[in-house]
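Asker: Sending over a structure as structure tokens; questions will come in a sec.
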Amino acid sequence: MSSNIGIGTLITPPAMLGIVGGGQLGRYFVMAAHTMGYGTTVLEPDPHAPAGKVADVHIAAAYDDPAALDQLASTCAVVTTEFENVPAAAMEYLAAHTTVHPSPTAIATCQDRIAEKQFLTDIGVTVAPYVAIITDADLAVAASFRFPAILKTARLGYDGKGQVTVPTHHDLVEAWQTLGQVPCVLEQRLALERELSMVLARTADGRVACYPVAQNEHVDGILDISFAPATLPGTGHGEAAKLCSYIAEELGFVGVMAVEMFVVGSDVLVNEIAPRPHNSGHFTLDACLCSQFEQQVRAICGLALGDAKLIVPGVAMANLLGDLWVDGEPKWERALWQQAAHLHLYGKREPRPGRKMGHLTTLSATVVGATTLARRLRSQLTAD
Ligand code: ATP
Ligand code: MG
């Protein structure tokens, strides 16, 4: 169901929106779409995946299953993805039969660290010094590289998986073997002052909305705490918005994406692009008028983009990993008793260590206040 009212083609309710990937990001997308009156179809092989439970239709098949793709293509007005590693051929097949946002080309660029860094370099965006490691010959060339470094698989990494520290050039061969000798990037390990990210939305006709920059802290390669707005000097938020909008434009991106940035001295380097909503954008669910998921619906349907401003002075988001369940169910009442805290649980069955089971958002008059509260409440969930 689409209509043209002179400002571009809009996809309007009750059109069916398709989504590839059924994790928590997909679940929030489905919830936002339902609120606005759209139907939803999720393609996700895991029969117990969070988004599958809430979607109108859950196709529990492989991401490249031909019959599943035909069903998506024939029933959905637009298809998007929350799963970064969806096979490129599947997205291309879908794009030949229905509207797909973001484009398969944009997704393919973000799926492969070598292609992504090459793209960023080509458009003049600074990234950490790196070399691609594809063949044995590349190992020798890397002798002149600045160590210590991190070897990252070009594809399929997430939450720090598929990464090995390489202290010196002598350790490189073994590190590459550990990663199965697949194509990798060897990246200089930088002394990061801060990690930042920006979530933004872009429509097919080039309208852009940027959320405030968030500051992120990782533990063991996994996002631990994120808070917004990041304290930036002077025009920092505006400059970040300019940089990230430029990247989105050059990528021809349509939908919601996130740009992860490293601050090293006075430089801002781009770490990677997530071609979808982002964990560090979960604060928008409770602290913005339009969440990153409603924004994703708006962007891919060509609607007006929602207001991306914060409605509170400070917000923090603490991830709740499966580790919290080691002694049984966490004491949720300790968070639920607080007016300023918002508990999110994704409905996942098995709380494995390192698995993102939910998150806690805290709102406050200051960012520091929100962050302190998030840390305190999370630790109380498992305290005696
Ligand atoms: P995610 O999917 O959670 O974003 P990922 O597995 O894709 O993570 P990266 O974002 O590349 O991997 O790295 C994870 C974290 O490791 C970064 O957020 C940062 O804390 C650290 N890290 C990555 N690259 C570097 C680097 N070159 N120098 C220093 N620290 C780094
Ligand atoms: Mg990352």
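The values are calculated or read from the model by the stated rules, or taken from the named source; none is laboratory data. Being a predicted model, the structure only gives us computed values, none of them experimental. Every residue, glycine as well, gets a Cβ built from its backbone with ideal geometry; the counts of neighbours run over all protein chains shown. Surface accessibility is based on the protein's heavy atoms, side chains included, excluding ligands, DNA and RNA. Shrake-Rupley method; radii C 1.70, N 1.55, O 1.52, S 1.80 Å.
Asker: Might you let me know whether segment 175-195 holds any residue that is under 26 Å from the mean Cα position of the chain (by Cα), open to solvent by 20 Å² or more (accessible area, probe 1.4 Å), on the phi > 0 side of the Ramachandran plot and not hydrophobic (A, V, I, L, M, F, W, C)?
Answerer: yes
Asker: Checking H278 against (1) modelled with pLDDT under 95; (2) within 26 Å of R355 (Cα to Cα), which single condition isn't satisfied?
Answerer: Only one criterion in (1) modelled with pLDDT under 95; (2) within 26 Å of R355 (Cα to Cα) is unmet by H278, namely (1).
Asker: How many residues does segment 119-161 contain that are more than 16 Å from ligand 1 (Cβ to nearest atom) and assigned to a helix (DSSP H, G or I)?
Answerer: Residues in segment 119-161 being more than 16 Å from ligand 1 (Cβ to nearest atom) and assigned to a helix (DSSP H, G or I): 9 in total.
Asker: Is there a residue being in contact (Cβ under 8 Å) with a residue 24 or more places away in the chain, touching a Phe, Trp or Tyr at 6+ places or on another chain (Cβ under 8 Å) and either more than 15 Å from ligand 1 (Cβ to nearest atom) or closer than 23 Å to V86 by Cα (or both) anywhere in segment 316-331?
Answerer: Within segment 316-331 (the criterion being in contact (Cβ under 8 Å) with a residue 24 or more places away in the chain, touching a Phe, Trp or Tyr at 6+ places or on another chain (Cβ under 8 Å) and either more than 15 Å from ligand 1 (Cβ to nearest atom) or closer than 23 Å to V86 by Cα (or both)), the answer is yes, since at least one residue qualifies.
Asker: In the list A106, A96, A90, which residue meets the criterion of being open to solvent by 30 Å² or more (accessible area, probe 1.4 Å) and either more than 16 Å from ligand 1 (Cβ to nearest atom) or touching a residue at least 24 places away in the same chain (Cβ under 8 Å) (or both)?
Answerer: None of the others qualify; the one that does is A96.
Asker: Whether any residue in segment 143-163 is open to solvent by 70 Å² or more (accessible area, probe 1.4 Å), free of Cβ contacts under 8 Å to residues at least 12 places away in the same chain and not assigned by TED's automatic domain parsing to the domain that holds I225 is what I want to check.
Answerer: Checked against the condition, which is being open to solvent by 70 Å² or more (accessible area, probe 1.4 Å), free of Cβ contacts under 8 Å to residues at least 12 places away in the same chain and not assigned by TED's automatic domain parsing to the domain that holds I225, segment 143-163 yields at least one hit.
Asker: Taking R207 and the conditions (1) in contact with a Leu (Cβ under 8 Å, 6 or more places away or on another chain); (2) at pLDDT 95 or above; (3) open to solvent by less than 30 Å² (accessible area, probe 1.4 Å), which numbered condition does it fall short on, given that it satisfies the others?
Answerer: (3)
Asker: Residues to consider are V164, V185; find the one that is within 16 Å of ligand 1 (Cβ to nearest atom) and at pLDDT 95 or above.
Answerer: None of the others qualify; the one that does is V185.
Asker: Check off (1) within 12 Å of ligand 1 (Cβ to nearest atom); (2) within 26 Å of V256 (Cβ to Cβ); (3) surrounded by fewer than 20 Cβ atoms within 10 Å (Cβ to Cβ); (4) not assigned by TED's automatic domain parsing to the domain that holds T41 for E116 and give me the number that stays unchecked.
Answerer: Looking at each condition in turn, E116 falls short on (3).
Asker: Do you know which residues across segment 259-281 are of a type in the set (A, V, I, L, M) and more than 9 Å from ligand 2 (Cβ to nearest atom)?
Answerer: Of everything in segment 259-281, those that are of a type in the set (A, V, I, L, M) and more than 9 Å from ligand 2 (Cβ to nearest atom) turn out to be V259, M261, V263, V264, V268, L269, V270, I273.
Asker: Does any residue of segment 113-124 turn out to be within 16 Å of ligand 2 (Cβ to nearest atom) and within 19 Å of A191 (Cα to Cα)?
Answerer: No, segment 113-124 has no match at all.
Asker: Consider A62 carefully, then state whether it is without any contact (Cβ under 8 Å) to a residue 40 or more places away in the chain and small (G, A, S).
Answerer: yes
Asker: Same structure again: Could you list, in sequence order, all residues of segment 262-283 that are assigned to a strand (DSSP E or B) and either more than 12 Å from ligand 1 (Cβ to nearest atom) or open to solvent by less than 10 Å² (accessible area, probe 1.4 Å) (or both)?
Answerer: D267, V268, V270, I273, A274
Asker: If you take the residues in segment 212-226 that are more than 8 Å from ligand 1 (Cβ to nearest atom), assigned to a strand (DSSP E or B) and touching a residue at least 12 places away in the same chain (Cβ under 8 Å), which one is nearest to S245 (Cα to Cα)?
Answerer: A214
Asker: Can you give me the number of residues within segment 210-229 that are more than 19 Å from G369 (Cα to Cα) and either surrounded by 18 or more Cβ atoms within 10 Å (Cβ to Cβ) or among the small types (G, A, S) (or both)?
Answerer: Result for segment 210-229: 4.
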